[in-house]
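Read the structure below first, then the notes.
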Amino acid sequence: MIHPHITDALKIPDLVRLTDETILLRFESMKVYSALAAVGHLLERGTVRPGQTLVDSSSGIYAYALALACHRYGMRCHIVASTTVDATTLAQLEILGATVEQVRPSQNLKLDQELRVRRVREILAERPDCHWMRQYHDEVHYLGYHEVADRIAAAFPSAGLTVVGGVGSGASTGGLVERLRAADPSVRLVGVQPFGSVTFGSQDHHDPEAIIAGIGSSIVFDNVRHHLYDTVHWLDFTHAMSGAVALLREHAVFAGLSTGAGYLAATYEARRHPDRTHLVIGADTGNRYVERVFARHAEALDPTALKPAEIRAPEEMTMPWSRMSWRRASCPDRRKGRAA
């Protein structure tokens, strides 16, 4: 097949068998699906017009995805970037035609996210013709994952399926599982979170090395539909790094830190539920984590010796790894810290 644009090739994930019970859904850059579908839908509805500037904040892979979607559809792109965005990503964004500004360095992810949201608001006030994509809150970002879910359903027509992935904005895991459960309500969802994220109640725990900005948040995300999740894992940086290094060492898969965290969680879930197929979402490659993660591979822990603390409520949470049966409960009342 000859693709009309690079995004059509990049968006398609590969299914890679890791063990009898564990499959990797490997993306080059997962949010390309989301950004393409969202921009295409907004253009079709007339919400935005060709050539208009689309703006959003990002910690990395959404910025790249939005820049690609804008390139595909002839839109302008402005990114308010996190301090965690690496030089390689920044260079690609600029060459793709996006204008990029990074907020000043912050001591923690909470301040980093607040600064980014504040700057987006300032841009909208200065340039009202811009359209804010609101990846954290606009449900249009769920649309792109429906196609992925249909591919998964076709590949696993009768398996007891458990999806394992970083929660982040909620759109990827939520979009996949909502679509899958429309045909099979027994599909389970395991969400992965870093410590320090308000989304599932770990905001009082501080991980000094936390750089997994894409799977947690210090502000409330409306796109997270808590009632979709059966189980939640919270992991610190060292455990996520150990999962990423183990994935490369054992399966030759070079993937990002959130994939490493998901792999570690899925390995544990597969030991508890060997009768189910565990599908790990691999959101991106490991390229932007070379210096901060893979260069430190000698520090990685033996994953076979690791296991989480089993807790019954977020108040019982303990570092470095906790697991809780969420049981598709509704959203906790954590409106403090909301950002529009």
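What follows is calculated from the coordinates using simple rules that are stated; it is not laboratory data. Since this is a predicted model, take the numbers as computed values, not measurements. A quick note on method: Cβ atoms are made from the backbone with ideal geometry, for glycine too, and the neighbour counts reach across all protein chains shown.
Within the chain, the longest segment free of exposed loop sites, counting GluC sites (Glu not before Pro) that fall outside DSSP classes H, G, I, E and B and have at most 15 other Cβ atoms within 10 Å, spans 1-208. Between amide H atoms placed 1.01 Å from N, distances below 5 Å from VAL55 occur with HIS78, HIS131, TRP132, MET133, all of them 5 or more places distant or on a separate chain.
How about the range 239-316: which trypsin sites (Lys or Arg not before Pro) there lie in a loop by DSSP and see at most 14 other Cβ atoms within 10 Å?
Numbers: sites: ARG249, ARG271, ARG272, ARG276, ARG288, ARG292, ARG296, ARG312; in loops: ARG276, ARG292, ARG312.
Answer in residue order: ARG312.
What fraction, in whole percent, of alpha-carbon pairs in the range 32-138 exceed 19 Å separation? Looking at the range 32-138, the distances longer than 19 Å represent 39 percent of pairs. Most mobile of LEU235, LEU68, LEU18 per a Gaussian network model of the chain (Cα springs, under 10 Å)? Sorting by GNM fluctuation, first place goes to LEU18.
Computed from Cα positions, the angle between helix 144-155 and the longest principal axis of the chain comes to roughly 40 degrees.
If the Kirkwood radius is taken over C-alpha pairs of the range 77-216, then at 20 °C and 1.002 mPa s the Stokes-Einstein diffusion coefficient equals 124 µm²/s.
Estimated from helices alone, the mean residue ellipticity of the chain at 222 nm is -11000 deg cm²/dmol (sum of -39500 (n - 2.57) over DSSP H runs with n ≥ 4, per residue). Let me see the P(r) profile for the range 154-194: every Cα-Cα distance counted, bins of 5 Å, each bin given as a percent of all pairs. The calculated distribution, bin by bin, is 6, 23, 35, 21, 11, 5, 1. Using alpha carbon centroids, what distance separates the range 1-76 and the range 222-249, in Å? After rounding, the separation between the Cα centres reads 22 Å. Mean-square fluctuations from a GNM of the chain, with a 10 angstrom spring cutoff on Cα atoms, peak among GLY46, GLY201, GLY256 at GLY46.
Full extension of the chain between SER186 and ASP20 gives 57.8 nm of extra length, using 0.36 nm per residue less the Cα-Cα distance. Angle, helix 237-251 long axis vs. longest principal axis of the chain, Cα atoms, 0 to 90°, nearest 10? It works out to around 80 degrees. Residues whose amide H falls under 5 Å from that of VAL280, counting only those 5 or more places apart or on a different chain, are ILE23, LEU24, LEU25, VAL164, with hydrogens built in the peptide plane.
Counting 0.36 nm for each residue step from ARG76 to ARG151 and taking away their Cα separation leaves a gain of 23.9 nm.
In sequence order, the range 192-205 has phi-based couplings of 10, 10, x, 5, x, 8, 6, 4, 10, x, 9, 5, 8, 10 Hz under the Karplus curve 6.51 cos²θ - 1.76 cosθ + 1.60, θ = phi - 60°, and Gly or Pro positions carry x. Dividing the mean sequence gap of close Cα pairs (under 8 Å, 6+ apart) by how many residues the chain holds gives a relative contact order of 18 percent.
By definition, a body whose alpha carbon gyration tensor gives a ≥ b ≥ c is oblate when a/c is 1.5 or more and a/b is not larger than b/c, and the range 258-340 fits this oblate description.
The angle separating the long axis of helix 171-183 from the principal Cα axis of greatest extent in the chain is about 70 degrees. Direction-averaged projected area, Cα convex hull, the range 204-319: 8.1 nm², rounded to one decimal. Each of MET241, MET30 was scored by other Cβ atoms within 10 Å of its Cβ. Listed from fewest to most, they are MET241, MET30.
Ranked by the mean number of other Cβ atoms within 10 Å of their residues, highest first, the peptides 187-196, 258-267 fall in the order 258-267, 187-196.
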